[in-house]
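Visitor: Quick one: this structure, given as structure tokens, is what I'll be asking you about.
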Amino acid sequence: MLEIRNLNVYYGKLHVIWDLSMTVGDEGVGLFGPNGAGKTTLINTILGLVTPKGGQIFFEGRRIDGLDTHKIVREGIAVVPQERELFPFMSVKENLELGAAFVPHAQSRMNELFNFVYEIFPVLKRRESQLAGTMSGGEQRMLTIGRALMANPRLLILDEPSVGLQPSIVAELFHKLKLIRQNGVSILLTEQNVRQGLKAIDRGYILENGRIALEGTSEELAANEHVKKSYLGL
């Protein structure tokens, strides 16, 4: 579905992603690493917000590096940013509607998409008339994910979704991601909470200093000595 070939990204003269290659198929894929490893930069490059100096990005066989961001979204990629970026003085339902507003193939399925989002996140149905800014942090994170799902994506990208959430909410959130995956949406997840993240994905990559240091199934990464020592505290 998503294929990245030999990607190189710079900020000015600073080389931040080095010859990176990875794939996301019909699955959940995790991208793990410390702050500054290049995870958010990679997401921004996939979305066309950062222009790579070399390499290629393909989505469902079509090259997308060089496309405008809104065209990439219309191809079937949606992102949940680390900052929630909701409209706090608009209702839950209005925020969800905006997720489909500029995606033609989603507009025609609005009612179906509402039902899908409410099935995954029943709290949003109960709170649909509530102002988004008055919700708890965990509820706002669920709303942000729900809004992205309203774009009817084939690939959902989440940037550090557990940041700022208490542990019980994090566990619930990653359970919801598994439900989304079971409903046919592929997932690319960047996360510092490797312990929880490995429970929600099929395969993963470890990104360190802009380079892929390790890759493997979730089970292989969980058993890897470097991962256990550096990321799991074992």
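Visitor: Return the residues of the range 12-37 that are open to solvent by less than 10 Å² (accessible area, probe 1.4 Å) and farther than 24 Å from residue 185 by Cβ; say none if nothing qualifies.
Guide: 17, 37
Visitor: Further question on the same structure: Filter the range 88-119 down to the residues that are loosely packed, with under 15 Cβ neighbours inside 10 Å and touching a Gly at 6+ places or on another chain (Cβ under 8 Å) and list them by number.
Guide: Answer for the range 88-119, where residues must be loosely packed, with under 15 Cβ neighbours inside 10 Å and touching a Gly at 6+ places or on another chain (Cβ under 8 Å): 88, 89.
Visitor: I'd like to verify a number: residues in the range 185-208 that are in a loop (DSSP other than H, G, I, E, B), touching a strand residue (DSSP E or B) at 6+ places or on another chain (Cβ under 8 Å) and not aliphatic (A, V, I, L, M), how many?
Guide: Residues that pass the stated criteria total 2.
Visitor: Further, regarding this structure: Name the residues in the range 116-153 that are outside any helix (DSSP H, G or I) and within 19 Å of the chain's Cα centre (by Cα), would you?
Guide: Within the range 116-153, 121, 150, 151, 152, 153 meet the criteria.
Visitor: Something else about it: Report whether or not residue 9 is assigned to a strand (DSSP E or B) and either of a type outside the set (Gly, Ala, Ser) or within 20 Å of residue 194 (Cα to Cα) (or both).
Guide: Yes; evaluated as a whole, the condition is true for this residue.
Visitor: Condition check: in contact (Cβ under 8 Å) with a residue 40 or more places away in the chain and surrounded by 13 or more Cβ atoms within 10 Å (Cβ to Cβ). Does residue 48 satisfy that?
Guide: Against the criterion (in contact (Cβ under 8 Å) with a residue 40 or more places away in the chain and surrounded by 13 or more Cβ atoms within 10 Å (Cβ to Cβ)), residue 48 does not qualify.
Visitor: If you don't mind, there's one more thing I want to ask. Would you confirm, using the coordinates I've provided, whether residue 228 is surrounded by 15 or more Cβ atoms within 10 Å (Cβ to Cβ), of a type in the set (D, E, K, R) and not in a strand (DSSP E or B)?
Guide: No, not satisfied.
Visitor: Being of a type outside the set (Val, Ile, Thr) and touching a residue at least 40 places away in the same chain (Cβ under 8 Å) narrows it down to one residue among 186, 168, 230, 136; which is it?
Guide: After applying the criteria, what remains is 186.
Visitor: For the range 33-53, check the following and say yes or no: at least one residue is over 30 Å from residue 130 (Cα atoms), part of a loop (DSSP other than H, G, I, E, B) and more than 20 Å from the chain's Cα centre (by Cα).
Guide: yes
Visitor: Of the conditions (1) surrounded by 15 or more Cβ atoms within 10 Å (Cβ to Cβ); (2) in contact (Cβ under 8 Å) with a residue 40 or more places away in the chain, residue 53 fails just one. Which one is it?
Guide: The failed condition is (1).
Visitor: Next question, about the same structure. What are the residues in the range 67-107 that are β-branched (Val, Ile, Thr) and either at pLDDT below 90 or more than 22 Å from residue 134 (Cβ to Cβ) (or both), if any?
Guide: Across the range 67-107, the qualifying residues are 69, 72, 73, 77, 79, 103.
The values are calculated or read from the model by the stated rules, or taken from the named source; none is laboratory data. Just so it is clear, the model here is predicted, and its values are computed rather than measured. When we count neighbours, we look across all protein chains shown, and the Cβ atoms used for this are built from the backbone with ideal geometry, even at glycine. Ligands, DNA and RNA are excluded from the accessible area calculation, which covers all protein heavy atoms including side chains. Shrake-Rupley method; radii C 1.70, N 1.55, O 1.52, S 1.80 Å.
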